[in-house]
Structures are given as structure tokens and as C-alpha cells.
Amino acid sequence: MNSKRVLSLDILRGITVAAMIMVNNAGGEVSYAALRHSVWNGLTPCDLVFPFFLFIVGVSTFLSLRKYDCRPSRTVLIKIIRRTALLLVLGWLLHAIELLCAGDFDVIRHLRLTGVLPRIALCYAAAAFAALYIPRRRVPLLIFILLAAYSVLLVSGHGYSLDGNNILSVIDRSLLGEHHLYRKGIIDPEGLLSTFPAIAHTLIGFCCGALLTGKDSDAAQRTLRLTVAGFILFVAGYALSGVLPPNKRIWSPSFVLLTCGVAAMSLGTLAYIIDMPGRCRRCRLFEVYGVNPLFLYVLSEAAATIISASGAKQTIYAVICLAFPDPYFASLVYAVLFAALFGIIGYVLYIKKIFIKL
């Protein structure tokens, strides 16, 4: 665990990015339930993917800032601001490509301002600044305040209503305007208000990064402590689910605790299997995704949009259906092949030691 990179974190990040690419690129109109997001309340395996990545962003933020003793400096601040701006611009660029491929050339007026990359950018920036300017012992208190305040907003603002009266929808329409909103539903899954519990989510990852790499105990104790912390988070989320059900679209507090709990236990398990005994060569498949994660994700999203707009996706899927008539399985085969393509790209970058940081 004293190496420059934490292999278990790279592997978990790689598994997550490969899953992100796969679940976003079903071949046909249908796909297995496990590969679809919950329509509203509930939790599917697919719903774990993005929260896992945000959790990992928090862990990575700790690993990055500990080199500077979590103290603000001109170098650190420029690095945070530059990365945040880059992620925002890339997110908006992906949306612009989607609009252009759909034949909408009024990009500025119709550009969606929220999304996966903008949420990552905002959560990373908020977690990083909190780490620099708030004593570490007070970060758990900040997490509690964010989740408690958001819970009150959900209860008092019809946060579980799937209609335009939901406070999340009201705020997005008021601040972003009708033309810059999510177009596939009433509630934006990466909307403004739900960014606050997502920040708490990222900060939980930050705290777990401290548990995983702290110097106050040996590797086995740190791994056990992280796993136990994950179990406690999961139990707390399960208990809260009776009052505030898990819901990815509104990023409910129970959703935060449940998914962070599973992510922490997963990281703890991987750390025990991989980091302490030594490098696990069998995990190299996912490491190639994990060392260039955002680059591969951005490239896959741009490629998916262009391939779909060109009609090539429909042709490839039709060919797959000839070999596999079951539309569900054929859709899965397309998704796996698409994700594998970017694994090959990641492997080429990996063997050439090219690491593109976004």
C-alpha cells in the first residue's frame, strides 16, 4: 500500500468504468433488468456504477491532496480549478456533439448544463476545497449536515414526487431554464439540488481514503477498518430506507449510504486480496481501464453518439441478432463488445505507459 498507486483502487475504478461504458451502451431497445436503472425508488446493480465512481473520486482526492498535507497553496488551487474546468468543458462538449448529431445546431441555446461529467467536476471541486479548508475531523460533521439538510428538503419539498411539483425539478427549471434541462424525464438525475448529497457522497469516499492509507496502523487493520466502516454505512442506509427510500434520480440520503457502504466494502475486500499479498496479475484486465478512466469514458460517450447517429450501431446490432436471436442477449453482447473495444484502447495506452489525466 506504500506504492505510488494503490492497485486495489485502480482495479475498482477499472471495474466501475468498464461497467459505466457497458450499461450506457445497450445494443437494442431492451436489456436485462440488472443493466437498467431503477425507474424511481429502488436499487439495481446498474444503479451502483456512478455512485461507485463518485466514491472513488473522493478516495482519489484524498490520495492526491495528502501529497500536499491537505494544505492550500497556489499550485494546489490551480490544479483543482483547472481540472474542474476541464471536466465541465468536456461534459458540455459531449452534450454539444449529441445535439449536433441529432441535427440541432442551436447548441448554445439547447446545451444541457448538467450531466455526469459536470457532476463529477462539481463534487471533486467541493470535496477538494472542503479538504483544504476544513479540519479533517470536521468532515464527517459536514457530511451529516449535507445529508440531514437534504432530507428535510426532500420531505418538505415533495422530493419523492415524480412530477413538476418536485422541488428538484422546480429549482432546475428556475435556475437553468427550460432549454438547458434534462430531456429524458421530469427529474434530472444530475440536477442542482441533488448535487449536494453527491458532494457528501464524495466526501465519504475522501474519509474512506484516509482509512485505507493512514499511517496509524498496519495494512491489515486499515483494510479491516475500511470494510467495517462500509458495513456500518450500509446498515445505516438500510435503516434509513424505511423513511427515505433509495432513489438514484434524486440521490437520496439512503442511496448515498447504501452505495458508499457497498463501495467501501468492495474496496476493502480488493485491498485485502490485491494490495497486501502483492500484485494480482489476473486483475490486469481492469487495471487498463482504471489508469485512464475518464479518458476512456469520454471517448466511449463521443464514439457512442457518433456511431448511433451514423446508423452503424443499428447495422452491427442487426448482425449480432443473426447470431443471437434473443434480443436481450444480443443487446448484452453488443454492450460487452463495445466496452471491450475501449479495453483494447486502454491496454495499448497502458503498455505504452500513457496515462491521460482528466
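Restricting attention to the stretch 82-129, the residues that are assigned to a helix (DSSP H, G or I), farther than 18 Å from residue 295 by Cα, out of contact with any helix residue (DSSP H, G or I) (no Cβ under 6 Å at 6 or more places or on another chain) and in contact (Cβ under 8 Å) with a residue 24 or more places away in the chain add up to 1.
Scanning the stretch 28-66 for residues that are open to solvent by less than 10 Å² (accessible area, probe 1.4 Å) and assigned to a loop (DSSP other than H, G, I, E, B) yields a total of 0.
Criterion applied to 86, 77, 94, 122 was being at pLDDT 95 or above, open to solvent by 60 Å² or more (accessible area, probe 1.4 Å) and more than 16 Å from the chain's Cα centre (by Cα), and the one residue passing it is 86.
Selection of the stretch 147-172 for residues being part of a loop (DSSP other than H, G, I, E, B) and surrounded by 21 or more Cβ atoms within 10 Å (Cβ to Cβ) yields 159, 166. Of all residues in the stretch 205-220, those satisfying the criterion of being of a type outside the set (Asp, Glu) and either open to solvent by 10 Å² or more (accessible area, probe 1.4 Å) or touching a Pro at 6+ places or on another chain (Cβ under 8 Å) (or both) are 207, 210, 211, 213, 214, 215, 217, 219, 220.
For every residue, the table says whether it meets (1) among the small types (Gly, Ala, Ser); (2) more than 30 Å from residue 97 (Cα to Cα); (3) modelled with pLDDT of 95 or more.
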| site | (1), (2), (3) |
| --- | --- |
| 262 | no, yes, yes |
| 265 | no, yes, yes |
| 273 | no, yes, no |
| 278 | yes, yes, no |
| 281 | no, yes, no |
| 286 | no, no, no |
| 302 | yes, no, yes |
| 309 | yes, no, no |
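When the stretch 286-307 is limited to residues that are open to solvent by 50 Å² or more (accessible area, probe 1.4 Å) and touching a residue at least 60 places away in the same chain (Cβ under 8 Å), the one that is nearest to residue 86 (Cα to Cα) turns out to be 295.
Set side by side, the residues 235, 256, 262 differ, and just one is under 30 Å from residue 160 (Cβ atoms), open to solvent by 30 Å² or more (accessible area, probe 1.4 Å), within 15 Å of the chain's Cα centre (by Cα) and in contact (Cβ under 8 Å) with a residue 24 or more places away in the chain, which is 262.
The values are calculated or read from the model by the stated rules, or taken from the named source; none is laboratory data. It should be emphasised that the depicted structure is a prediction, and the values quoted were computed from it without experimental measurement. Please note: Cβ atoms are built from the backbone with ideal geometry, for glycine as well, and neighbour counts cover all protein chains shown. When the accessible area is computed, the model is the full protein with side chains, heavy atoms only, and any ligands, DNA or RNA have been set aside. Shrake-Rupley method; radii C 1.70, N 1.55, O 1.52, S 1.80 Å.
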